[in-house]
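Coordinate-derived values only; no laboratory data. Worth saying up front: this structure is predicted, and the values here are computed from it rather than measured. Here the Cβ is made from the backbone with ideal geometry for all residues, glycine too, and neighbour counts use every protein chain on show.
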Amino acid sequence: MSAALFLVFSCFICIASCLPTHHHPDRIARLPGQPPVDFQQFSGYVSVDEKREKALFYYFVEAEIDPPSKPLVLWLNGGPGCSSIGVGAFSENGPFRPNVEVLLRNEYSWNREANMLYLDTPVGVGFSYSTGASSYETVNDEITAKDNLVFLQKWFLDFPQYRNSSLFITGESYAGHYVPQLANLIIQLNKKKKIINLTGIALGNPLLEFSTDYNSRAEYFWSHGLISDSTYNVFTSGCNYSRYVSEYYRDSVSVLCSRVMSLVNRESSRFVDKYDVTLDVCIPSVLSQSKIIAPHQNSERIDVCVEDEITKYLNRRDVQMALHARLVGVRKWDVCSNILDYDMLDLEIPTISIIGSLVKEGIPVLIYSGDQDSVIPLTGTRTLVHKLAKQLGLNTTVTYRVWFEGQQVGGWTQVYGNILSFGTVRGASHEAPFSQPERSFVLFKSFLSGKPLPLEF
Ligand SMILES: *[C@@H]1O[C@H](CO)[C@@H](O)[C@H](O)[C@H]1NC(C)=O
Ligand SMILES: *[C@@H]1O[C@H](CO)[C@@H](O)[C@H](O)[C@H]1NC(C)=O
Ligand SMILES: *[C@@H]1O[C@H](CO)[C@@H](O)[C@H](O)[C@H]1NC(C)=O
Ligand SMILES: *[C@@H]1O[C@H](CO)[C@@H](O)[C@H](O)[C@H]1NC(C)=O
């Protein structure tokens, strides 16, 4: 009698809370050093090319409360070549941050509002791999987008309960390429048969248009006192930054550009963090996603201390076991890949026009900027969004104004045609959810709800 009761009882518990995913092989029992939590986590590999043995690694964190009712959010970091698990999940908007031997809870984790899916992409990044080393050569935007789409389709086979959830694709920095390009492939696929419920995209400090984005840096440096009047002049009329980067990735830096850049580097100093110009640097440091899109910066990173913690944590054998992760073809896990040979000329592909076509298809877009970032400054981004709205004939539906987080100004926002939004996050770096977690969380929540950023406190 009591045994039977127990059976009935345990079945009930199971149906209510854990049946759909209970036996999933990718379920994480517990991460080393992790505090007890009520939500489930999964991680592992999805094969995107059996022939070349290309496998992408993901980390999936279910929403804290009632996951089936919450949207699914894919988060991608940039580089190209940096890990969304290392940067996004473990230092920006995931539930935990490594601290010495343990994981601390992030109070503003985005899984309070959504089911968060982090993807290491393309192969050669983070724990993602290919056994054919040639797969790391000349990887480009096109291959990355295709692999990301195959990943998503196969991931849905593993997690069918999320198939109909509204999907938001988000990311930062070079994900200004990945996100719109993937969204575009989904739109094409949906035209044949609506199978992925794409509901919106959000991009933080994204690379959208090479010339505008990179050349906004000179004025940002100058207006923040990082360079002198005369250096500003040669950095705009002598050799501008887009010309320098363009020459750099063609291995043909001119004498003029070389001279201008050493002047800029000397004055702006490597002891100021270019991803947050108000912050001190933490020495020593490792490479970051943004260091790759902004070559020869010699700059250190704000969250290098955090990053070092992450590198230590993700290189622990017990952590890799718990994550079902493997090191294939590399000796250790790196925040940004040392083996990926990405086609850097793809930096010059404008993706702002793809954003335009997504808006035309009715996909809401939020583009936001951490306002202390000088790598992809808010000024270039704001100009691009404004120009796009004009091209699309979208009128302003929310005029440029402040928004609030608590009793303080969280930033500024403007909305066009109720579908294309721009927002700044006040006091935030290139990695906004890292440096301003609370404000970024408010931004994220309003983005998911489809409402403008809050005007009251
Ligand atoms: C998703 O929607 C399709 C079509 O409406 C339906 O057949 C399927 O059962 C739904 N799946 C889930 C998991 O809700
Ligand atoms: C897509 O998501 C929205 C919002 O959750 C939902 O109302 C709609 O039914 C979903 N569409 C499909 C085809 O499942
Ligand atoms: C940057 O320099 C290039 C090459 O000299 C030039 O074509 C371009 O117009 C410049 N752009 C800006 C915004 O100054
Ligand atoms: C935008 O504003 C202009 C001028 O007020 C108006 O003529 C036009 O119809 C508006 N467009 C839309 C899409 O509302």
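Suppose we keep just the DSSP beta bridges with both residues in the chain; what percent of those would be antiparallel, to 5?
55
If the cut-off is a Cα-Cα distance under 16 Å, which aspartates and glutamates reach Lys312, setting aside same-chain residues fewer than 8 apart in sequence?
The reachable aspartates and glutamates, counting only those whose Cα sits under 16 Å from Lys312, are Glu101, Asp303, Asp334.
Distance cut-off 18 Å, Cα to Cα: go down the list Lys154/Lys360; Lys54/Lys154; Lys54/Lys146; Lys360/Lys387; Lys274/Lys332 and report the pairs above it.
Long pairs (Cα-Cα over 18 Å): Lys154/Lys360; Lys274/Lys332.
At most 16 other Cβ atoms within 10 Å and a DSSP loop assignment: could you name the GluC sites (Glu not before Pro) in the stretch 92-125 that fit?
In loop regions of the stretch 92-125 (DSSP not H, G, I, E or B), the sparsely surrounded GluC sites (Glu not before Pro) are Glu101, Glu107.
Under the rule a/c < 1.5 gives rounded, and otherwise a/b versus b/c splits prolate from oblate, where does the stretch 18-99 land using the Cα gyration tensor?
Working: a/c = 1.66, a/b = 1.22, b/c = 1.36.
Cα axes put the stretch 18-99 in the oblate bin.
Say R0 is 35 Å: what FRET efficiency, to the nearest 0.05, do Ser47 and Tyr248 get from their beta-carbon distance?
Working from the Cβ atoms, E equals 0.50.
Hey, with R₀ at 56 Å, roughly what FRET efficiency would Asp66 and His224 work out to, going by the Cβ-Cβ distance, to 0.05?
It comes out at approximately 0.80.
For the chain, what is the calculated [θ] at 222 nm in deg cm²/dmol (nearest 500), taking -39500 (n - 2.57) for each run of four or more DSSP H residues and dividing by its residue count?
-10500 deg cm²/dmol
Looking at the stretch 424-457, which GluC sites (Glu not before Pro) are DSSP coil and have at most 12 other C-beta atoms within 10 Å of their C-beta? Don't skip to the end; give the middle numbers.
Numbers: sites: Glu431, Glu438, Glu456; in loops: Glu431, Glu456.
Hits after loop and neighbour filter: Glu456.
To the nearest 20 debye, what is the magnitude of the charge dipole of the stretch 341-449 about its Cα centre, counting +1 on the Cβ of each Lys and Arg and -1 on the Cβ of each Asp and Glu?
Dipole of the stretch 341-449, to the nearest 20 debye: 660 debye.
May I ask which residue of Asn140, Leu152, Ser165 lies farthest towards the positive end of the charge dipole of the stretch 119-193, with charges of +1 (Lys, Arg) and -1 (Asp, Glu) on Cβ and the Cα centre as origin?
Ser165
Could you give the length gained by full extension between His24 and Val328, i.e. 0.36 nm per residue of separation minus their alpha carbon distance, to one decimal place?
Stretched fully, the His24-Val328 segment lengthens by 107.1 nm.
For Lys70, list the lysines whose Cα falls under 17 Å from its own Cα; do not include residues on the same chain fewer than 8 positions away.
Partners found: Lys445, Lys451.
For a quick check: sort Leu207, Leu388 by the number of other beta carbons within 10 angstrom, fewest at the front. All intermediate terms of the calculation are to be shown ahead of the outcome.
On the way: Leu207 29, Leu388 22.
Least to most surrounded, the residues fall as Leu388, Leu207.
Order of His324, His430 from fewest to most other C-beta atoms within 10 Å?
With the fewest neighbours first, His324, His430 line up as His324, His430.
Taking neighbour Cβ counts within 10 Å as the exposure measure, how do Met116, Met344, Met261, Met321 sort from fewest upward?
Ascending number of Cβ neighbours within 10 Å: Met321, Met344, Met261, Met116.
Taking the convex hull of the Cα atoms, report for the chain its projected area averaged over all directions, in nm². Each step should come with its number before you reach the end.
Details: hull surface 94.5 nm².
The orientation-averaged projected area of the Cα hull of the chain comes to 23.6 nm².
List the GluC sites (Glu not before Pro) in the stretch 325-426 that DSSP assigns to loop (not H, G, I, E or B) and whose Cβ has at most 15 other Cβ atoms within 10 Å. Which are they?
Glu361
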